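The structure appears right after this line, and notes come after that.
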Amino acid sequence: MSVQQPKIDTSPKVSDEIRKTTCYMCACRCGINVHMKDGKVAYIEGNRDHPVNRGVLCAKGSAGIMQHNAPSRLRKPLKRVGPRGSGEFEEISWDEALDIAVGWLKPLHDTNPEKLAFFTGRDQSQSFTSFWAQNFGTCNYAAHGGFCSVNMAAGGIYTMGGAFWEFGQPDWDHTKLFMLFGVAEDHDSNPIKMGIGKIKARGAKVIGVNPVRSGYNAVADEWVAITPGTDGLFILALVHELMKAGKVDAQYLSRFTNAPVLIDKDTGLFLRDDNGKELVIDSVTGDLTPFDQKGVRPSLSATHEGHQTAMALMAEKYLDPQYAPEAVAETCGIPAEKIRKIAADLARVAFDEAIELDREWVDFRGETHQKMIGRPVAMHAMRGISAHSNGFQTCRALHILQIILGTVETPGGFRFKPPYPKPVEAHPKPHCKVTPGAPLDGPHLGFVRGPEDLMLKDDGTPARIDKAFTWENPMSSHGLMHMVISNAYAGDPYKIDTLFMYMANMSWNSSMNTRGVIEMLTDKDESGEYKIPRIIYSDAYSSEMVAYADLILPDTTYLERHDCISLLDRPICEADGAADAIRWPVVEPDRDVRGFQSVLVQLANKMALKGFTHEDGTAKWQDYADYIVNHERKPGIGPLAGFRGKDGKSVGRGEVNPGQLDSYIENGGFFLHHVPDEASYFKPWNAAYQDWAVELGLFDSPQPYLFQLYSEPMRKFQRAAEGHGERQPPEHLRDRLKTVMDPLPFWYAPFEDTHVDTDEYPIHALTQRPMAMYHSWGTQNAWLRQVHGRNPLYVSQKIWDEHGFEEDGWAEVTSVHGSITVPVMLQTTLNDHTVWTWNAIGKRKGAWALEEGAPEATKGFLLNHLIHELLPPKGDGLRWANSDPITGQAAWFDLRVKIEKAAAPLESQPGFAPIKSPVGRGPKDLTWKVGK
Amino acid sequence: MTTLPSSTTRKLGLVIDLDTCVGCHACVISCKGWNTENYGAPLSDQDPYGADPVGTFLNRVHSFEVKPEDSPPQLIHFPKSCLHCEDAPCVTVCPTGASYKRVEDGIVLVNETDCIGCGLCAWSCPYGARELDGAEKVMKKCTLCVDRIYNENLPEEDREPACVRTCPAGARHFGDFADPDSNVSKLTAERGGMDLMPEQGTKPVNKYLPPRQKDSWEGEVDVLAPFLAPVAEEPKGFLGWLDKTLEKL
Amino acid sequence: MHPAPSVIIFTSLSGLGFGLLTFLGLGYPDVSGWVAFVFFLIAFALAVGGLLASTFHLGHPERALKAFTQWRSSWLSREGICAVAALLVMGLYALGVVFFDQQWRLLGVLGAVLSVATVFTTSMIYAQLKSIPRWNMVVTPAMFLMFSLAGGALLGGQITAALVLLIFAAAVQLLYWQHGDGAFARAASTIGTATGLGSRGEVRAFEPPHTGTNYLLREFVHVVGRKHAQKLRVISFVLGFVLPILILFVHPGHLLALIAVLSHVAGVFVSRWLFFAQAEHVVGLYYGKR
Ligand SMILES: Nc1nc2c(c(=O)[nH]1)N[C@H]1C(S)=C(S)[C@@H](COP(=O)(O)OP(=O)(O)OC[C@H]3O[C@@H](n4cnc5c(=O)[nH]c(N)nc54)[C@H](O)[C@@H]3O)O[C@H]1N2
Ligand SMILES: Nc1nc2c(c(=O)[nH]1)N[C@H]1C(S)=C(S)[C@@H](COP(=O)(O)OP(=O)(O)OC[C@H]3O[C@@H](n4cnc5c(=O)[nH]c(N)nc54)[C@H](O)[C@@H]3O)O[C@H]1N2
Ligand code: SF4
Ligand code: SF4
Ligand code: SF4
Ligand code: SF4
Ligand code: SF4
Ligand SMILES: [Mo]
């Protein structure tokens, strides 16, 4: 048969040019190739050379073009003309906008810097925004970590000098058993997917611990359908089983952790020598000695004058039958046999299937190890365990489990990414000393070592507006952004003048108690002034929050500005290399908008803030790009580590290089510096790594340290609660602190369980991140909103049957705080007592340049209406914060609800009045194509 | 041409690994992006910012729940695009010859300038792999990225479909099924790659790798589980044991 | 399947039109001059009107000529060719009958054959689709043909033929429904085979790939309630067959004959609506819908 086929061009020209920069659709920060046609963005794909994503790109990243061109983009600075929340604005010039802002801010700087509260969302320019805030002089600065996952970050850093999150990663190439707790997406989205892909390709095993079996948990080989809020108990049962069977890595515990450190039997603090070094008994000599001496083999079981080792305390605690599988099975919703089986599997893989790499390394005691022994069990966790009021202790418990198995920083286990590992001692402490007209006395956020570091005024009241680092949440290392609006509204601990926010949708999906927050933002005092007098906000898009600000500073999109993803902040490192990256304007904005960081530079210059100004009064930098290249944190150390020095050849430390950004662009938008092979594991104790880190400028001197199974800072707070020391907690918090500040991890029921009637509210209600959406931003994306244009409430089979739900049915869901009426959908792959929905799909009518009938606004909904920032009053009449008592992390996932079948309403409830769109509406049709 | 070639030189297609796909929709969107900018008319969207957005996509990710007899239910993410069938009914039904299967590699394509938009090919496809574009009114379908896989303007390593290149989990594989040594042939053989709706007689080229056995513990648990044997019930005993172990090392 | 008016009108009208042309071609009724003109006008109006309606559902009607090229494999192409051939031949024949009082018998028979062939090819467009089991049956062409011939006879005033054909058509209709109701099950495509997961356990569609609708759902997934369908079947059957047969039986006058015709046409429309609306495409399995 003769076949005639049309001739097609199989080698069409792809684009005129590729510009390489960094994605911004989430905090993962993948490298992207932006294909340009006729000077416009035509297609975006992953950059194959990039250390983060190696060429792959997720749905959001691939849809970047629709984000960049979204009709919801703000176009010009806006001044509010209608009442707050109406969405009525007038477009003004940048000159006017900056004048208004300086008119509000300068007097505060000169007289009461703390009257400015500056809080930023999920951007990664925190080292710069905090520098700005510090120079402004206010103590009221933080980013969003307090409501996000500070439990994870702080739990990790206090225990092992680094956390999961994006600060570490499983050893994907070697692990044989991967255990994932409470993760839907995380900040490491593409790397986790790539890693799971690698594990799967090797046929290694994945265990998913999650009430919901979707996404990563759907591909997991084994599913542990845990009851929300009980992971701590489950993990400690595993610890119990492993200890009982002696399946612990004794060598590792003895050499690299504080398990052998002696605990003073009277104070519960470490026995230390005169130099402050922790003391151990050397099992070779039997002598009492500082832990780090050459040749010392610390004993795990020795006692000294009645003082026991941390290991002894742990054994006593965790061998107790209260942690036996049978004892926890019902609470956790996991059969005892299954817990046993998991413990056996962990032990088998860690010890019987141990791996060895032929790499010699030298530890901090000077001992040479011929091989790197690996325990190929890797674990990873995120908000599923941390967004509970017992999250900090649960995160610590998980690290204990990893550590007794000897899987941290060993081949096949969990590995840190530079600048981690980094002990608490190498982190700053928080600062709050405000001086009018001058900078703050140091960085705002940090890691407290004990009560002496709390941010309290002389009268014992909180120094910060968010009450971070107070007795209510002593170790709140990321601040508490979720408390700012309610505290500012209540004038508790004091009133502020201006709330300045950046990139956080606080009047909608990022707040608990959304309606309440809206009321606080719009409520006025007797004199007719808003209770929060002024609000400045920077957003790039027409979000719900825009409507509630008085002055809008419109930002560029991620393809139109300079950014730096810095080692001083949250860099893009991999376990095998230090890396940082930039964004640069691959296209110029077609609107009158400015990069927010550049606007901060301009504001600082207008106010002549100290750090931004030369001795002679002239400005140091004109814009953010100028700052990125020319700012030095310490001599030779700046925001970017690559291409430093006159010749652009220095790494980490080096003089300013005016051509630095060009070198980054030439190199694909990033810089990567490999960790040497002999330094690649055992980093906290590995001399080669320590030297490498010093050379790179991560530390000024080597910082080897011990993993903190027993936490001394926590014991110090506990001791204070027991009545010791000068700084004493208020009476109503004393008992709570005594309990929760246990220096060894333990489990307690999530607060909501003890504050509400769990018979009346028997169901757990959760949210998950959809992989194809980023919080509220995804919705303005024409492609992504077709995938997730509305969110049902997913209901377990048991609840479905009990309530007789039907397809396309609706439910009224009620918590102690409020009620919503929403569409339901059956999911059989779900813990029996759980319902959940996608996070942040529900939208306010009028926002995001969508039509008012958009399904996001009519069928979509927020679970946030059911969650309050305070728990209902208890017997004592006091209302506890709905947060972790240690770090203040918002306890989003403690939520308890009841559910009832409901008649289908016209729209999901509660409904809100539409806001007027400051940018109009998007077009009716889209036939996107750039170039011919 | 509407009649099918009696055989094709190569049999290019995809292997999709249902054991690995996490359902992230990356392949869906990168496909949309590439094909909006390349072969044929852009993939349009109607009412993109309104109440009822509807757009053309060449690849979509479903999800299914499976309830095995005696283990917990499973959720399976399920990407689906054209399977480039050997006996492609969509080709033979086409009245204009716009739909055809390429002799050299078996790719099923639509020549958009010949397409009258009758929709019959979409009716004939059991898999829902064809969508009529709402703006251009021509039939759109997966081209297996015919404008990438041979494209000399792309670096060699990029000459693979956009969806394969982007898949973060590595759940998509591209290759020649006519070659028994190709990656796709091997994967299919090793992992029991399967056809969708074989009873439809379309002989799909694309293959799906079934999910591996899951929840193996469920059966094992009470019967043969080799639980950990205790060395000690008491802290003292445990610590003593620990020190003995340490000494041995 | 989405019961689009264009395809319902197309198949119904063109079926009637070509049915009438068949009879005219065979010389029933044996007419000439103006009377013939009116008959041919009606037949052509129906056949051409139907064909035109079918082009409304084309995305690019201006390229319709291309549809004649693929007769070797495509029933749609064959239908186009047959229809044009039938119309041309019957046009020529009609010229003879109307203007020259000539019945070119051979031409007429050829035209009739082509008209029947056109209806057959139309039916095969549907009957060939394995993806739509309810159509993928031998009964489908039988039904199209019987409907066309019965309608043609009725329009052509061939009382006896119409009576017989209507009874046959009614029987085929019942057979089609009866057989069609089991077709999906017989085709053995299930959500299990569609996903290849059937052997692991019971499969259920969970989340669709998009929260809104799309071309596939609009075009292929149309769910008619069972009760609703049953009622419509009765209506269609009464209008299409019972009433016309009764009328023919009691020997109609012109007015009643007209009512019989209109009733039949209405019945055919309802039947066609059901033909589409009840047809389940296997792609619905992926969406957990049929
Ligand atoms: N129920 C429930 N609620 C939750 C959570 C949950 O799990 N469940 N999670 C919480 C957590 S962890 C977080 S981090 C928050 C996230 O909540 P938010 O931080 O509020 O997240 P977004 O909705 O993305 O809002 C960020 C804002 O940044 C804007 N933006 C986007 N790009 C740019 C840009 O380039 N420049 C500027 N200036 N602005 C930009 C967007 O338009 C948007 O208005 O939500 C919290 N809320
Ligand atoms: N695509 C996408 N990626 C994102 C984001 C996004 O919006 N979209 N947001 C980014 C942000 S700001 C953050 S903070 C991260 C959050 O990343 P994740 O921590 O992965 O986010 P969540 O979606 O909150 O997932 C929480 C998971 O924990 C489970 N879970 C809830 N309670 C429990 C419990 O008690 N125990 C266990 N074991 N599991 C539980 C939930 O079912 C869910 O799977 O994601 C980041 N990445
Ligand atoms: S994971 Fe996706 S959204 Fe996040 S940075 Fe990477 S490509 Fe962009
Ligand atoms: S990109 Fe890969 S993992 Fe994601 S949905 Fe597609 S096939 Fe599945
Ligand atoms: S999957 Fe459908 S469109 Fe693709 S070749 Fe097969 S029948 Fe044709
Ligand atoms: S829609 Fe186009 S490609 Fe499909 S059958 Fe009709 S003419 Fe052929
Ligand atoms: S091969 Fe190309 S056209 Fe086909 S689904 Fe993948 S990206 Fe889309
Ligand atoms: Mo977050």
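The values are calculated or read from the model by the stated rules, or taken from the named source; none is laboratory data. Nothing here was measured: the structure is a model prediction, and the numbers come from that model. Methodologically, a virtual Cβ is constructed for each residue, glycine included, from the backbone with ideal geometry; neighbour enumeration extends over all protein chains shown. Note: accessible area is taken over every heavy atom of the protein model, side chains too, but ligands, DNA and RNA are not part of it. Shrake-Rupley method; radii C 1.70, N 1.55, O 1.52, S 1.80 Å.
Structure values in brief
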quantity	calculated
Residue check, B:G193 within 16 Å of ligand 6 (Cβ to nearest atom), modelled with pLDDT of 95 or more and among the small types (G, A, S)	no
Segment B:29-46 residues that are of a type in the set (K, R), paired with ones that are at pLDDT 95 or above and within 16 Å of ligand 4 (Cβ to nearest atom) (beta carbon under 9 Å, 6 or more apart)	B:K32/A:S62; B:K32/A:A63; B:K32/A:W783; B:K32/B:F57; B:K32/B:L58; B:K32/B:N59
Pick from segment A:192-208, criterion open to solvent by 10 Å² or more (accessible area, probe 1.4 Å) and either aliphatic (A, V, I, L, M) or under 21 Å from the mean Cα position of the chain (by Cα) (or both), ranking: farthest from ligand 7 (Cβ to nearest atom)	A:A204
Positions within segment A:213-222 being more than 7 Å from every other protein chain (Cβ to nearest Cβ) and within 21 Å of the chain's Cα centre (by Cα), in sequence order	A:N217
Qualifying residue in segment B:30-44 (condition: facing another protein chain (nearest Cβ under 7 Å), open to solvent by less than 10 Å² (accessible area, probe 1.4 Å) and hydrophobic (A, V, I, L, M, F, W, C))	yes
Test: residue in segment A:330-346 that is surrounded by fewer than 18 Cβ atoms within 10 Å (Cβ to Cβ), part of a helix (DSSP H, G or I) and more than 14 Å from chain B (Cβ to nearest Cβ)	yes
Restricting segment A:177-199 to residues that are more than 10 Å from chain B (Cβ to nearest Cβ) and of a type in the set (D, E), the residue that is farthest from A:W838 (Cα to Cα)	A:D188
Selected residue [at the interface with another protein chain (Cβ under 7 Å from one of its Cβ atoms) and among the aromatic types (F, W, Y)] from C:F168, C:F147, C:F206	C:F206
Qualifying residues in segment B:52-69 (those that are in contact with a helix residue (DSSP H, G or I) (Cβ under 7 Å, 6 or more places away or on another chain) and not in a loop (DSSP other than H, G, I, E, B)) - the one farthest from ligand 3 (Cβ to nearest atom)	B:V66
Selected residue (criterion: farthest from A:W508 (Cα to Cα)) from residues of segment A:478-488 that are surrounded by 24 or more Cβ atoms within 10 Å (Cβ to Cβ) and of a type in the set (G, A, S)	A:G479
Residue within segment A:11-24 that is farther than 17 Å from A:V586 by Cβ, at the interface with chain B (Cβ under 7 Å from one of its Cβ atoms) and of a type outside the set (G, A, S) present	yes
Residue identified as within 23 Å of the chain's Cα centre (by Cα), away from ligand 4 (no atom under 16 Å from the Cβ), facing chain C (nearest Cβ under 8 Å) and not hydrophobic (A, V, I, L, M, F, W, C) among B:E65, B:E86	B:E65
Filter result (away from ligand 3 (no atom under 16 Å from the Cβ) and β-branched (V, I, T)) within segment B:149-187	B:I149, B:V164, B:V184
Filter result for A:A344 (farther than 30 Å from A:A204 by Cβ and of a type outside the set (S, T, Y))	no
Residue that is farthest from A:K859 (Cα to Cα), among those in segment A:775-791 that are within 16 Å of ligand 8 (Cβ to nearest atom) and outside any helix (DSSP H, G or I)	A:H775
Residue in segment C:58-96 that is least open to solvent (accessible area, probe 1.4 Å), counting only those that are within 7 Å of chain B (Cβ to nearest Cβ) and part of a loop (DSSP other than H, G, I, E, B)	C:S74
Any hit, segment A:240-260, residues being modelled with pLDDT of 95 or more, under 24 Å from A:C148 (Cα atoms) and either part of a strand (DSSP E or B) or open to solvent by less than 20 Å² (accessible area, probe 1.4 Å) (or both)	no
Selection within segment A:38-67 - farther than 15 Å from B:N35 by Cα, open to solvent by 10 Å² or more (accessible area, probe 1.4 Å), more than 15 Å from ligand 2 (Cβ to nearest atom) and not small (G, A, S)	A:D38, A:K40, A:R48, A:D49, A:R54
Restricting segment A:14-32 to residues that are open to solvent by 10 Å² or more (accessible area, probe 1.4 Å) and in a strand (DSSP E or B), the residue that is nearest to ligand 2 (Cβ to nearest atom)	A:K20
Cross-chain or 6+ apart pairs with Cβ under 7 Å, segment A:391-411 first and part of a helix (DSSP H, G or I), then among the hydroxyl-bearing types (S, T, Y)	A:F392/A:T887; A:C395/A:S386; A:R396/A:T159; A:H399/A:T159; A:I403/A:T257
In segment B:28-45, the residues that are closer than 19 Å to A:T10 by Cβ and out of contact with any helix residue (DSSP H, G or I) (no Cβ under 6 Å at 6 or more places or on another chain)	B:N35, B:T36, B:E37, B:G40, B:A41
Hits in segment C:18-56 (condition: within 14 Å of another protein chain (Cβ to nearest Cβ) and over 16 Å from the mean Cα position of the chain (by Cα))	C:F56
Lone unmet requirement of (1) under 30 Å from A:R48 (Cα atoms); (2) away from ligand 1 (no atom under 16 Å from the Cβ); (3) within 11 Å of chain B (Cβ to nearest Cβ) for A:R202	(3)
Among the candidates A:D123, A:D186, residue that is open to solvent by 10 Å² or more (accessible area, probe 1.4 Å), touching a residue at least 24 places away in the same chain (Cβ under 8 Å) and in a loop (DSSP other than H, G, I, E, B)	A:D186
Some residue of segment A:513-530 being part of a loop (DSSP other than H, G, I, E, B), open to solvent by less than 10 Å² (accessible area, probe 1.4 Å) and not assigned by TED's automatic domain parsing to the domain that holds A:I465	no
Matching residues, segment B:102-114, being open to solvent by 10 Å² or more (accessible area, probe 1.4 Å) and more than 7 Å from every other protein chain (Cβ to nearest Cβ)	B:E104, B:E112, B:T113
Odd one out for A:A225, checked against (1) within 11 Å of chain B (Cβ to nearest Cβ); (2) under 29 Å from A:F746 (Cβ atoms); (3) open to solvent by less than 20 Å² (accessible area, probe 1.4 Å)	(3)
Index of the failed condition, A:E90 passing every other in (1) within 9 Å of another protein chain (Cβ to nearest Cβ); (2) part of a strand (DSSP E or B); (3) farther than 30 Å from A:H673 by Cβ	(1)
